[in-house]
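A.B. asks: I have a structure here, written as structure tokens, and I will follow up with some questions on it.
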Amino acid sequence: MRTRKEDSVELWSQLSVLVAEVGTALDRRLSEDFQLGLTDFLALRALSNGDPAGMRMNELAQLLGLNQSSATRAVQRLAARQLAEKAADAADRRGVVVRITEAGRSLAADIGGLFRREVGMALEVASMDSRTSSVVARLRYAPTLDR
């Protein structure tokens, strides 16, 4: 019989595998269809859900679970495609905020449906894999998940 700690370690292991496999599948699809990486899409999504006046780079980094350097590179890639823009922070002129452009908002909306379908399909596949089935079942029956 396994202990609670062993179950926690196994669940963490399954979650790590699930995130890596789903992330790889999503990154591949976004790259093929939109020439956009997963990190860039998640940044675009965070900006589209955030304050229209923009958000500071450190706030974006925290939302994405990235360090500030990685968040800055994602924003640079988005800005190069005119999907986001940097501006002086109105509250603190020394700071910089990032905001989504209309083109970025439109692309984020276009990708949203595909993203949800791809996550759904990836979770279906993962539910059949012994390495990830337990964590998928827990995620599916979590009371706070959007349906």
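The values are calculated or read from the model by the stated rules, or taken from the named source; none is laboratory data. All figures in this text were calculated on a predicted structure; none of them were measured in a lab. Glycine gets a Cβ as well: all are built from the backbone with ideal geometry, and neighbour counts include every protein chain shown.
A.B. asks: Where the second residue is of a type outside the set (Lys, Arg) and not in a helix (DSSP H, G or I) and the first is over 21 Å from residue 67 (Cβ atoms) and lies in region 19-45, which pairs have Cβ atoms under 6 Å and are six or more apart or on separate chains?
C.D. replies: From residues that are over 21 Å from residue 67 (Cβ atoms), the pairs are 30/36.
A.B. asks: If you don't mind, there's one more thing I want to ask. Give just the number: which of (1) modelled with pLDDT under 95; (2) exposed (fewer than 15 other Cβ atoms within 10 Å of the Cβ); (3) more than 30 Å from residue 14 (Cβ to Cβ) does residue 141 not satisfy?
C.D. replies: Answer for residue 141: the failing condition is (3).
A.B. asks: Could you grab me the full set of residues in region 19-72 that are more than 13 Å from residue 100 (Cβ to Cβ) and among the polar types (S, T, N, Q)?
C.D. replies: Across region 19-72, the qualifying residues are 24, 31, 35, 39, 58, 62, 67, 68, 69, 70, 72.
A.B. asks: Within region 60-77, does at least one residue satisfy the condition of being in contact (Cβ under 8 Å) with a residue 40 or more places away in the chain, in a helix (DSSP H, G or I), at negative phi and surrounded by 13 or more Cβ atoms within 10 Å (Cβ to Cβ)?
C.D. replies: Yes, region 60-77 contains a residue that is in contact (Cβ under 8 Å) with a residue 40 or more places away in the chain, in a helix (DSSP H, G or I), at negative phi and surrounded by 13 or more Cβ atoms within 10 Å (Cβ to Cβ).
A.B. asks: Collect the residues in region 1-37 that are small (Gly, Ala, Ser), touching an Asp or Glu at 6+ places or on another chain (Cβ under 8 Å) and either at pLDDT below 85 or in a helix (DSSP H, G or I) (or both), keeping them in residue-number order.
C.D. replies: Correct list: 25 only.
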